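> Take this structure, written in structure tokens, and hold onto it; I'll ask about it next.
The values are calculated or read from the model by the stated rules, or taken from the named source; none is laboratory data. Please read these numbers as outputs of a predicted model, since none were measured by experiment. Note that each Cβ is placed from the backbone with ideal geometry, even for glycine, and that neighbours are counted across all protein chains shown.
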Amino acid sequence: MKRRLFVNTLLTAPLLDLQASTASLSLTTFDADITPPLQSPLCHGNVMPAREIITPLIARGVVILGAGKPMVLCAMDWVALANESHQAIREALAQAAGTSSDRVAVHTVHQHDAPGSDLGTEQLLAAHDLGGRFSNARLDCEIFKRIAAAVKTSLAHARPVTHIGTGSGKVEKVASNRRVLGPDGKVAFSRMSASRHPLAATSPEGTIDPLVRLISFWNGDSALAALTYYATHPMSYYGKGGVNWDFVGGARALMDKTLPGVAMIHFNGAGGNVTAGKYNDGKPENRPLLAERLAKGMKTAWETQTKQPVQASDVEWRVHPVSLPLRNPDAEAELFKTLTDSKRTFAQRAFATREMVFIRRTQAGIQIPLSCLRIGHAHVLHMPAELFVEYQLAAQQMMPQDFVAMAAYGDNGPGYIGTEIAYSQGGYETGPVSRVSPEVEKVLLGALRSLLANPA
């Protein structure tokens, strides 16, 4: 009997932070400017380079201390971080915070008038005289160091956490599913971020998550930080060379004014198949309207939140590394031909290179770490890439009595990640822009169940 108890203790110990029972919980916030210089590539070179700075781009985050090794959550106003870049920034922030990289979650908000980083892809493109058009590797590394320095500096300013708050607010007339199905069950058209399709505005919203979710950290009656999560592509219009944080950043700025002194940090949820296309045709005047609508939902989430006392023993961090099934596992030779074909466009050559890098890393056994921060009855999931909203809804259904928020747009190596049925329905999102196969749904749902399972 004693032997069985000892074995069970060994099996459950990795899920629990034994240090947390006696430690005190605290939190610090950090903020860094990540605005690129003029002429920088934006959106992986798919749009005009930076010609003007309309708004700055920022990285914001929190470091949670006292529950085992520190935990770092960071959101960046960039379009994407993929493969080696996502690994490099997590390692840099982990070193700055004195923790391990699997306890660091970094996500992009996914604005398109912003840089993106994939160091492996840029290196391979540069080796074929295509360097500097996809991204600026020197800038990427400089930005990673800048955020890490902000993390390290923030550690001296940690404040106790006595309570957390959780709330949600409905967002009206922003999100709509981009995949509009026809009578045959196939995708009739994709409703892009700025959609002028004649049926874009009249077709139903489709499958979305209408709620923005908020988790806040408090020291007594003083609010320290508020993290918000909402699933949609964050663009109103883009591609003219004007660096900006778009309507999602605008909503965050409105909340900065509403709640001065509270660090407002916004994460994009599983919005791979969600845009504002039903309510946005790309006219510039729509940007502030969308920002106001999202900010209204954020304010509702803040005003209706419920607070509960917390201590370090209420906090748990879980990690579930995954290898995602490849869409084209044998395509490297063909992709290399595209990369080296000078008759192909830069976009085609860069696209092939991105897939080749992801295939190589996956086949080398490099996994993507999914993670979940649990604080009492609140769960925050950290997921990769342009994830379909169905995964976010599924996670909430797994824990219907609890608060469940999701940040996607972590490691963007896989590109779009659809559901199994979506790959049989056609459409842009499950075409070549998705580097994984339909079997991805089984892998990710299994990972979500593991991350959300009741504490040991």
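> Is it true that A312 is under 23 Å from G220 (Cα atoms), surrounded by fewer than 22 Cβ atoms within 10 Å (Cβ to Cβ) and aliphatic (A, V, I, L, M)? Give the derivation first.
Numbers: under 23 Å from G220 (Cα atoms): yes; surrounded by fewer than 22 Cβ atoms within 10 Å (Cβ to Cβ): yes; aliphatic (A, V, I, L, M): yes.
Spelling it out, A312 is indeed under 23 Å from G220 (Cα atoms), surrounded by fewer than 22 Cβ atoms within 10 Å (Cβ to Cβ) and aliphatic (A, V, I, L, M).
> Restrict the check to region 337-349 and report whether at least one residue is closer than 27 Å to R103 by Cβ and either crowded, with 22+ Cβ neighbours inside 10 Å or in contact with a Leu (Cβ under 9 Å, 6 or more places away or on another chain) (or both). I'd like the intermediate steps shown before the answer.
Pass one, region 337-349, residues closer than 27 Å to R103 by Cβ: none.
No, region 337-349 contains no residue that is closer than 27 Å to R103 by Cβ and either crowded, with 22+ Cβ neighbours inside 10 Å or in contact with a Leu (Cβ under 9 Å, 6 or more places away or on another chain) (or both).
> Of the conditions (1) surrounded by fewer than 16 Cβ atoms within 10 Å (Cβ to Cβ); (2) touching a His at 6+ places or on another chain (Cβ under 8 Å); (3) of a type in the set (S, T, Y), Y230 satisfies every one except a single condition; which number is it?
If we test Y230 against (1) surrounded by fewer than 16 Cβ atoms within 10 Å (Cβ to Cβ); (2) touching a His at 6+ places or on another chain (Cβ under 8 Å); (3) of a type in the set (S, T, Y), just (1) comes out false.
> Looking only at region 278-319, count every residue that is of a type in the set (V, I, T) and within 15 Å of L259 (Cβ to Cβ) and tell me the total.
Taking region 278-319 and keeping what is of a type in the set (V, I, T), we get 300, 304, 306, 310, 315, 319.
This time we only want the ones that are within 15 Å of L259 (Cβ to Cβ), so: 300, 304.
So the answer is 2.
> Would you check if L81 is at pLDDT 95 or above, among the hydrophobic types (A, V, I, L, M, F, W, C), crowded, with 24+ Cβ neighbours inside 10 Å and farther than 30 Å from I375 by Cβ?
Numbers: at pLDDT 95 or above: yes; among the hydrophobic types (A, V, I, L, M, F, W, C): yes; crowded, with 24+ Cβ neighbours inside 10 Å: yes; farther than 30 Å from I375 by Cβ: no.
Taking the combined requirement at face value, the residue does not satisfy it.
> Of the conditions (1) closer than 18 Å to L211 by Cβ; (2) crowded, with 23+ Cβ neighbours inside 10 Å, D246 fails just one. Which one is it?
Of the numbered conditions (1) closer than 18 Å to L211 by Cβ; (2) crowded, with 23+ Cβ neighbours inside 10 Å, the odd one out for D246 is (1).
> Scanning region 100-126 for residues that are of a type in the set (S, T, N, Q) and surrounded by 21 or more Cβ atoms within 10 Å (Cβ to Cβ), which turns out nearest to E52 (Cα to Cα)?
Going residue by residue through region 100-126, those that are of a type in the set (S, T, N, Q) are 100-101, 108, 111, 117, 121, 123.
Okay, now just the ones that are also surrounded by 21 or more Cβ atoms within 10 Å (Cβ to Cβ), so 108, 111, 117, 121.
On the way: T108: 21, Q111: 15, S117: 20, T121: 26 Å.
It comes out as Q111.
> Is it the case that some residue within region 175-194 is within 30 Å of Q308 (Cα to Cα), polar (S, T, N, Q) and not in a strand (DSSP E or B)?
Just the residues of region 175-194 that are within 30 Å of Q308 (Cα to Cα), to begin with: none.
No, region 175-194 has no match at all.
> Condition first: among the acidic types (D, E) and loosely packed, with under 15 Cβ neighbours inside 10 Å. Now tell me which residues in region 127-143 satisfy that. Spell out how you get there, then give the answer.
Of the residues in region 127-143, the ones among the acidic types (D, E) are 129, 140, 142.
If the condition is that a residue be among the acidic types (D, E) and loosely packed, with under 15 Cβ neighbours inside 10 Å, then D129, E142 are the ones that fit.
> How many residues does region 51-73 hold that are crowded, with 21+ Cβ neighbours inside 10 Å, over 20 Å from the mean Cα position of the chain (by Cα) and either closer than 20 Å to G250 by Cβ or of a type in the set (S, T, N, Q) (or both)?
Counting residues in region 51-73 that are crowded, with 21+ Cβ neighbours inside 10 Å, over 20 Å from the mean Cα position of the chain (by Cα) and either closer than 20 Å to G250 by Cβ or of a type in the set (S, T, N, Q) (or both) gives 0.
> For region 90-110, how many residues are touching a helix residue (DSSP H, G or I) at 6+ places or on another chain (Cβ under 9 Å) and not in a loop (DSSP other than H, G, I, E, B)? Step through it out loud before you land on a result.
Here is the first cut: in region 90-110, the residues touching a helix residue (DSSP H, G or I) at 6+ places or on another chain (Cβ under 9 Å) are 90-106, 109-110.
Imposing the further condition that a residue be not in a loop (DSSP other than H, G, I, E, B) reduces the set to 90-97, 101-106.
The total comes to 14.
> Related question: Please count how many residues of region 399-446 are small (G, A, S), crowded, with 22+ Cβ neighbours inside 10 Å and under 27 Å from H377 (Cβ atoms).
4
> Looking at region 314-340, which of its residues are over 25 Å from G418 (Cα atoms) and not in a loop (DSSP other than H, G, I, E, B)?
If the condition is that a residue be over 25 Å from G418 (Cα atoms) and not in a loop (DSSP other than H, G, I, E, B), then D314, V315, E316, W317, A333, F336, K337, T338, L339 are the ones that fit.
> Given the criteria part of a helix (DSSP H, G or I), surrounded by fewer than 16 Cβ atoms within 10 Å (Cβ to Cβ) and aromatic (F, W, Y), does F358 qualify?
Working: part of a helix (DSSP H, G or I): yes; surrounded by fewer than 16 Cβ atoms within 10 Å (Cβ to Cβ): no; aromatic (F, W, Y): yes.
No, not satisfied.
> Restricting to region 144-180, give me the number of residues that are more than 30 Å from S101 (Cβ to Cβ) and surrounded by 18 or more Cβ atoms within 10 Å (Cβ to Cβ).
To start, the set of residues in region 144-180 that are more than 30 Å from S101 (Cβ to Cβ) comprises 167-180.
This time we only want the ones that are surrounded by 18 or more Cβ atoms within 10 Å (Cβ to Cβ), so: 167-169, 171, 174-180.
Matching residues across region 144-180 total 11.
> Before we move on, is R178 under 19 Å from V274 (Cα atoms), in contact with a Ser or Thr (Cβ under 7 Å, 6 or more places away or on another chain) and either of a type in the set (D, E) or touching a residue at least 60 places away in the same chain (Cβ under 8 Å) (or both)?
Details: under 19 Å from V274 (Cα atoms): yes; in contact with a Ser or Thr (Cβ under 7 Å, 6 or more places away or on another chain): yes; either of a type in the set (D, E) or touching a residue at least 60 places away in the same chain (Cβ under 8 Å) (or both): yes.
The answer is yes for R178.
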